[in-house]
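For reference, the structure discussed in these notes is given below.
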There are 2 protein chains.
Amino acid sequence: MELDRTASTGLRQQIVEQVRGAVERGVLLPDDPLPSTRALAEALAVSRTTALEAYLELEGDGWVYGVHGAGTFVAHRPAAAPAPTPVVLEPDDEPELDLRAGTMDPGLVPDAWRAAWRAVSPRSFAPDPCGDPALRSGLAAYLSSARGLPCRPEEIVVCAGASEAVTVLGLALGWAGRAVAFEDPGYADMRDLVVRLGARHVPLPVDAAAPVALALEHLTARGETPAAVYLTPSHQFPLGHRLEEDDRRAVLAWARRSGSVVVEDDYDGEFRFGVPPLPSLAGLDPDAPVVYLGTLSKVLDPSLRLAYLRVPPALLPEVVHVRGLVGATVSGQVQEVVAGWLASGALSRHIARVRRVYADRRAALLRALEEVPGVVGVRGIEAGLHVVADLAPGIDAAAVVAQARERGVAVTSLDDFRSSPPGPPALLLHHGGLDPQSLREAVRRLAGCAAMGVRTSPPA
Amino acid sequence: MELDRTASTGLRQQIVEQVRGAVERGVLLPDDPLPSTRALAEALAVSRTTALEAYLELEGDGWVYGVHGAGTFVAHRPAAAPAPTPVVLEPDDEPELDLRAGTMDPGLVPDAWRAAWRAVSPRSFAPDPCGDPALRSGLAAYLSSARGLPCRPEEIVVCAGASEAVTVLGLALGWAGRAVAFEDPGYADMRDLVVRLGARHVPLPVDAAAPVALALEHLTARGETPAAVYLTPSHQFPLGHRLEEDDRRAVLAWARRSGSVVVEDDYDGEFRFGVPPLPSLAGLDPDAPVVYLGTLSKVLDPSLRLAYLRVPPALLPEVVHVRGLVGATVSGQVQEVVAGWLASGALSRHIARVRRVYADRRAALLRALEEVPGVVGVRGIEAGLHVVADLAPGIDAAAVVAQARERGVAVTSLDDFRSSPPGPPALLLHHGGLDPQSLREAVRRLAGCAAMGVRTSPPA
């Protein structure tokens, strides 16, 4: 065995690889003795610790075994299939300027959040499937204080993301074989997930101008009362408008009469711009059949994978039961860091800070869009982290998306969220991930797309 | 406003609570101005920063709003339902000596693992739903090297625990409305989960003496070929025996003929004691319809909530599709820490170290059980972190469990894992969470249970 002290591979790793190679080539056979760690260390001029750690690593992976007092020997390895050809995972082609929903700006991650992770301790037990008591208490206090939803810690069920939460909910409330209504246009991935859970999809036409409660009454009148309705009242996804308070109360009244359950997805409800707050549906009546779904992806860190349900008491036993079957999904470490941020008020202060940042970004985006001839209107500007830009009739939104991508800008066509596209041309523009200067540059490139130029061609 | 400098509540929090209280009591009304942070800081003799952070926290939670250049004002809050009566979550009554499956010893968490968390960085993007490329590559290399399962990174799908993995699998492979066979006795929670996913449960009798392949052939002969079979070949849960290599090959042959998919749950297969390794089912033929399910709960940290599937190429597209719909569930931070431990070989070295610790514990448990008259045999001693202690006929295992619990010892009756209890009396004893001395004490208390004394009563 010879070590290369100029190689980038460490000495321990070189020992591990050479022993493995010798076993694989049959140079070392099962039960062959290896030199003692002392002899190996001397022969290779490495520390005894390096030799010992190399043997431990080989033992952990089953290449050698140790016999107390006798030494280390080559292990019997089961006959394995031949190693596959390694394939390198293709990295995604990342756009230069990303205005798709779900993107965030790394610059918004505060130093205090980085520091919080340094205090995390590993654990020797799995968390409660519904979440650590400290986190559930913190989320209940946050919902009560900040979101106008008075609730108790035991009504909070922690989940690993909004879709995982809906999976648990669908299994708990028995959606398989029943109808579930989804806003149209709406959150297409969530709709596909619910269909995968066995539910039948019923489209619920949504428009800022027409009350949602009326659309629900229409379903009931047609004998199509769904088992559940998925709504985004704080900031309709993707259109961006908010459900007015009268409509909220009418939706609640319909749910109570129909026996349907409303899932209130409040994915970015923390962000309002110049409008008074509206009560959450669940907050209007905490005993109503409304399950509130919140997430920390938009306010804190989208890589956390932490969402939470507030379940009204009547539905709680079934949801807790299924959460127990699926088990805890959020690591104790993540729960500990977030519980600490909630208890210290750091999350609330962070939200206040980024709210100002997002208000500036939104203002920059709206000003820039005013200069684009193909954009005939901007909707959904009161809340959340994206707006909808309506394009002039005749513009091919899909062509704009494709041309923008060639110019390094990623945006989404509203048609991607419609259950029966195409509709009037419009783009979804998410401003959470880019600073004002980048947003202006993105809009400049968007305006330069040939497909946006329909309106500037000579009149017929 | 007055601050109590002797209180345990911090000054910032006292300001926050007093402003909230004043708003709630109607002392402060919407649009009322608050003192400037400078004036407040002077009046209360706190730092300007404390005043500023208190206002930020109130703003984040929607109690006040700031107007640039004009100051801070009381916000309009939506009419909320009254606050609920706070209920303190009841802490679980933790046993003094816990021999239930899933428990771990905090003393086994190494310092290096604690240190790994200090380097974690927050992120601004959600992980790939199937997992970070670095983690998938590390897991593929680990499975290839340590578990005899050659595979490629793109065949690895990361999940938030074994049950979450099975949820994704059940949705991807369409188990709803079809039969799924479960070992009997077996992992009852997993069986209940699969039933909740809409599958029909078919019990598969397992016994160390009878080949599993034969039991599967019986199902097929009866026209009950299941869509999937859930097996624990490395260490049958709960009986503890290993599937012999001939039986493994016969199971594979049956699966290929029947079109059924085998889920190979290798929950604690890292731990063998004095027996040669057996190839994993999936490793015998990486193209066979076998989905390998691994977890890091048993080898590292049960609070991680990190499991992984190795999916054969033919089944991969559907599993990746559903993983995409359910979304990423494991936080980027957790993935980063584990990927680092895999790449550095630290995980393999840790496994070698704890394997020795567990061997000592197992030996201590087995020696102690020899002294218990009511224990007539111990099964499943070759692998894993638990054994099954068969009790003398006539002993009421449930009564032993209850009496042991009164004496501070938590164990499980084998009947809890049978689909049609009761069977011959037996206990499941998990030795992963206790040191040798505690195991001896636990067995001493177990032996002292009146219900264990059936054999020591005068002969009839």
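Numbers below:
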quantity: Close pairs (8 angstrom Cβ cut-off, 6 or more residues apart or separate chains): without any contact (Cβ under 8 Å) to a residue 12 or more places away in the chain in region B:111-128, open to solvent by 70 Å² or more (accessible area, probe 1.4 Å) anywhere; calculated: B:Arg118/A:Arg118; B:Ser124/A:Pro106
quantity: Selection status of B:Gly138, at pLDDT 90 or above, in contact with a Leu (Cβ under 7 Å, 6 or more places away or on another chain) and either open to solvent by less than 20 Å² (accessible area, probe 1.4 Å) or more than 9 Å from chain A (Cβ to nearest Cβ) (or both); calculated: yes
quantity: Sole exception among (1) open to solvent by 50 Å² or more (accessible area, probe 1.4 Å); (2) facing chain B (nearest Cβ under 10 Å) for A:Val376, by number; calculated: (2)
quantity: First in region B:39-65 and under 18 Å from A:Gly345 (Cα atoms), second anywhere and of a type in the set (Asp, Glu) and at pLDDT 90 or above, Cβ under 8 Å, 6 or more apart; calculated: B:Tyr65/B:Glu59
quantity: Matching residues, region B:25-39, being surrounded by 13 or more Cβ atoms within 10 Å (Cβ to Cβ) and farther than 21 Å from B:Arg77 by Cβ; calculated: B:Ser36, B:Thr37
quantity: B:Gly432 in contact (Cβ under 8 Å) with a residue 12 or more places away in the chain, within 25 Å of B:Ala307 (Cβ to Cβ) and either hydroxyl-bearing (Ser, Thr, Tyr) or in the same structural domain as B:Pro233 (by the TED database) (or both); calculated: no
quantity: When residues of region B:104-122 are limited to those that are more than 7 Å from chain A (Cβ to nearest Cβ) and outside any helix (DSSP H, G or I), the one modelled with the lowest pLDDT; calculated: B:Ala119
quantity: Candidate set from region A:106-124 (those that are charged (D, E, K, R) and over 20 Å from the mean Cα position of the chain (by Cα)); member that is least open to solvent (accessible area, probe 1.4 Å); calculated: A:Arg123
quantity: Residue match in region B:306-323 (condition: within 26 Å of A:Trp113 (Cβ to Cβ), within 7 Å of chain A (Cβ to nearest Cβ) and surrounded by 24 or more Cβ atoms within 10 Å (Cβ to Cβ)); calculated: no
quantity: Verdict on A:Asp93 being closer than 30 Å to B:Arg118 by Cα and either in contact (Cβ under 8 Å) with a residue 12 or more places away in the chain or more than 7 Å from chain B (Cβ to nearest Cβ) (or both); calculated: no
quantity: Failed item, numbered, when B:Asp301 is tested on (1) of a type outside the set (A, V, I, L, M); (2) under 26 Å from A:Arg196 (Cα atoms); (3) open to solvent by less than 10 Å² (accessible area, probe 1.4 Å); (4) in a loop (DSSP other than H, G, I, E, B); calculated: (2)
quantity: Members of region B:51-73 found to be more than 12 Å from chain A (Cβ to nearest Cβ) and surrounded by fewer than 20 Cβ atoms within 10 Å (Cβ to Cβ), listed by number; calculated: B:Gly69, B:Ala70, B:Gly71, B:Phe73
quantity: Some residue of region A:331-341 being surrounded by 19 or more Cβ atoms within 10 Å (Cβ to Cβ), away from chain B (no Cβ under 13 Å), over 20 Å from the mean Cα position of the chain (by Cα) and part of a helix (DSSP H, G or I); calculated: no
quantity: Cβ-Cβ under 7 Å pairs, at least 6 apart or on other chains, region B:248-268 side free of Cβ contacts under 8 Å to residues at least 12 places away in the same chain and within 13 Å of B:Pro286 (Cα to Cα), far side open to solvent by 10 Å² or more (accessible area, probe 1.4 Å) and assigned to a loop (DSSP other than H, G, I, E, B); calculated: none
quantity: Matching entry among A:Leu231, A:Leu239, A:Leu214 (being under 27 Å from the mean Cα position of the chain (by Cα), surrounded by fewer than 24 Cβ atoms within 10 Å (Cβ to Cβ), under 30 Å from A:Leu391 (Cβ atoms) and of a type in the set (A, V, I, L, M, F, W, C)); calculated: A:Leu239
quantity: Which listed residue, of A:Pro127, A:Pro185, A:Pro133, is in contact with a Gly (Cβ under 9 Å, 6 or more places away or on another chain), facing chain B (nearest Cβ under 7 Å) and either open to solvent by less than 40 Å² (accessible area, probe 1.4 Å) or not small (Gly, Ala, Ser) (or both); calculated: A:Pro127
quantity: Unmet criterion (only one of (1) without any contact (Cβ under 8 Å) to a residue 60 or more places away in the chain; (2) open to solvent by 10 Å² or more (accessible area, probe 1.4 Å)) for A:Gly170; calculated: (2)
quantity: Evaluation of B:Val261 against (1) touching a strand residue (DSSP E or B) at 6+ places or on another chain (Cβ under 9 Å); (2) over 24 Å from B:Leu149 (Cα atoms); (3) open to solvent by 10 Å² or more (accessible area, probe 1.4 Å); (4) of a type in the set (A, V, I, L, M) (one fails), failing number; calculated: (2)
quantity: Close pairs from region A:354-379: first over 17 Å from B:Gly66 (Cα atoms) and touching a residue at least 24 places away in the same chain (Cβ under 8 Å), partner hydroxyl-bearing (Ser, Thr, Tyr) and open to solvent by 40 Å² or more (accessible area, probe 1.4 Å), Cβ under 7 Å, at least 6 apart; calculated: A:Pro373/A:Thr456
quantity: Hits in region B:92-103 (condition: surrounded by fewer than 18 Cβ atoms within 10 Å (Cβ to Cβ) and modelled with pLDDT under 80); calculated: B:Asp92, B:Asp93, B:Gly102
quantity: Flag for A:Gly274 being within 14 Å of another protein chain (Cβ to nearest Cβ) and buried (at least 22 other Cβ atoms within 10 Å of the Cβ); calculated: no
quantity: Test: residue in region A:345-358 that is open to solvent by 10 Å² or more (accessible area, probe 1.4 Å), out of contact with any strand residue (DSSP E or B) (no Cβ under 8 Å at 6 or more places or on another chain) and away from every other protein chain (no Cβ under 14 Å); calculated: no
quantity: Region B:141-166: number of residues that are facing chain A (nearest Cβ under 7 Å), assigned to a helix (DSSP H, G or I) and either without any contact (Cβ under 8 Å) to a residue 12 or more places away in the chain or open to solvent by less than 10 Å² (accessible area, probe 1.4 Å) (or both); calculated: 3
quantity: Selection status of A:Leu391, buried (at least 24 other Cβ atoms within 10 Å of the Cβ), more than 15 Å from A:Ala364 (Cβ to Cβ) and at pLDDT 95 or above; calculated: yes
quantity: Filter result (over 30 Å from B:Asp301 (Cβ atoms) and either open to solvent by 30 Å² or more (accessible area, probe 1.4 Å) or assigned to a helix (DSSP H, G or I) (or both)) within region B:418-443; calculated: B:Arg418, B:Ser419, B:Ser420, B:Pro421, B:Pro422, B:Pro424
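The values are calculated or read from the model by the stated rules, or taken from the named source; none is laboratory data. This is a predicted model, so every value here is computed, not measured. So basically every Cβ, Gly included, is an ideal-geometry build from the backbone, and we count neighbours across all protein chains shown. The protein model used for the area step is the full one, side chains on, heavy atoms only, and it has no ligands, DNA or RNA in it. Shrake-Rupley method; radii C 1.70, N 1.55, O 1.52, S 1.80 Å.
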